Structures are given as structure tokens and as C-alpha cells.
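All remarks here apply to the structure that follows.
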Ligand SMILES: [Zn+2]
């Protein structure tokens, strides 16, 4: 999951695509009782600019599965999220830093996985939760 900027510059391949599978860390999912099922598919494109900054459009796709945050029934959701990033050689707060030689996409991919997660995983839109479901059964 690296973009070898210096090498690509030498080859005059100033833009291109990438596509790989990424195995997320165990704690990549922040939603209680849920996990990321399988690998995260990462795809995107890069463009190397004249000043050596590199624009990267990155899409992560993965499946969340676990228990509904409201009613604890089984739940799953497919997530697809695209971020538009820039990697620069001088460190600043807004952009990603790289050393001018190659870009390691790991941090950006981990960030995209975190940013793209919903706060809760629901079994269906508008799940009303376990209490309401139980009350309805009793009526
Ligand atoms: Zn539910």
C-alpha cells in the first residue's frame, strides 16, 4: 500500500490507479459489539504535481457486522467512503506528510475507516430498540 512517488516520477507516470485489500486492526471498529467483517477493499487514484505534492482520491469499502446497537439483533452494513487527500513534503496540520520518496497509505486508510464509521449499527432503519420491541410483543 505504497505509492513510490520518486520512482513514478522517474518513469513519468504522474498519475495512476491503485487497488488492494487491507486487513484492518482488531480495534479498527469503534461500535460496541461490532466488527469489520473480512478485509477492507481500498481503491483510488493518485496524481503527482509539479511541486511534488500528491493528490490521492481514496475509497474504502468494507462490511460492518455485529449486533444492532439498539435491539441487539444481528445487523450488518456495507460502508463505502471516499476521501480526497493531499500529501505534501512539508509538515502541516491539514495535509498528510510524506518524505518525497514514497507515500505509505496506511495512516490515511486507517483514518478513512474511522471517519466512515457510523456511531451505531442498526438492524434496520428506524429500529426502535429492545424495550419498544418487547412492549409491542406483550400487547
Ligand atoms: Zn435493531
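Here are some notes:
- Residue among 98, 70 that alone is surrounded by 13 or more Cβ atoms within 10 Å (Cβ to Cβ), within 16 Å of the ligand (Cβ to nearest atom) and touching a residue at least 60 places away in the same chain (Cβ under 8 Å): 70
- For segment 34-62, a tally of residues being surrounded by fewer than 17 Cβ atoms within 10 Å (Cβ to Cβ) and in contact (Cβ under 8 Å) with a residue 60 or more places away in the chain returns 0.
- Residue match in segment 15-23 (condition: touching a strand residue (DSSP E or B) at 6+ places or on another chain (Cβ under 8 Å), in contact (Cβ under 8 Å) with a residue 24 or more places away in the chain, under 26 Å from residue 118 (Cβ atoms) and surrounded by fewer than 12 Cβ atoms within 10 Å (Cβ to Cβ)): yes
- Selection within segment 10-65 - part of a strand (DSSP E or B) and modelled with pLDDT under 95: none
The values are calculated or read from the model by the stated rules, or taken from the named source; none is laboratory data. Bear in mind the structure is a predicted one, so any value in this text is a computation, not a measurement. Reconstructed Cβ throughout: ideal geometry from the backbone, glycine too, with neighbour counts over all protein chains shown.
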